[in-house]
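To start, the structure itself, in structure tokens.
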Amino acid sequence: MFYAYILRSLKDGGYYKGSTSNLENRVKAHNAGKVRSTKSRRPLEMHYFEKFSSLQEARIREKFFKSIDGYNWLKDKQIIGKRCQSG
């Protein structure tokens, strides 16, 4: 199985979108500071994911999540909301 996923930063309330073949290990890597783009935003929690039969499908969905249409779809489905303000 392959996954497109959304993590939420407990530090700044923002979201990170990605894809992987091993969801559990990928989340651990994010929280261990091994992913440059999320290292300063730790800790992160799993917020949403979808399963796919191929990595190509998961990456297409990840790209959709990162697009304005994907953002609007995620908002319409109430999967993501207004970002929290840190401080």
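Derivation of every value follows stated rules applied to the coordinates shown; laboratory data play no part. All figures in this text were calculated on a predicted structure; none of them were measured in a lab. As a convention, Cβ positions derive from the backbone with ideal geometry for all residues, glycine included, and neighbour counts pool all protein chains shown.
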Placing +1 at every Lys and Arg Cβ and -1 at every Asp and Glu Cβ, with all other atoms neutral, what dipole size does the chain have around its Cα centre, in debye to the nearest 20? 360 debye
Let me have the 222 nm mean residue ellipticity of the chain computed from DSSP H runs of 4+ only, each contributing -39500 (n - 2.57), with the sum over all residues rounded to the nearest 500. -10000 deg cm²/dmol
What trypsin sites (Lys or Arg not before Pro) does segment 1-84 have in DSSP loop regions with at most 16 other beta carbons within 10 Å? Lys11, Lys34, Arg36, Lys77, Lys82, Arg83
Can you list residues whose amide H is under 5 Å from Tyr48's amide H, if they're 5+ apart or on another chain and H is modeled 1.01 Å from N? Ile6
Put one equal scatterer on each alpha carbon of the chain, apply the Debye formula with no solvent term, and list log10 I(q)/I(0) at q = 0.13, 0.15 1/Å to two decimals. -0.40, -0.54
One finds, for Lys75 and Ala32 with R0 = 22 angstrom and r their Cβ-Cβ distance, a FRET efficiency to the nearest 0.05 of 0.15
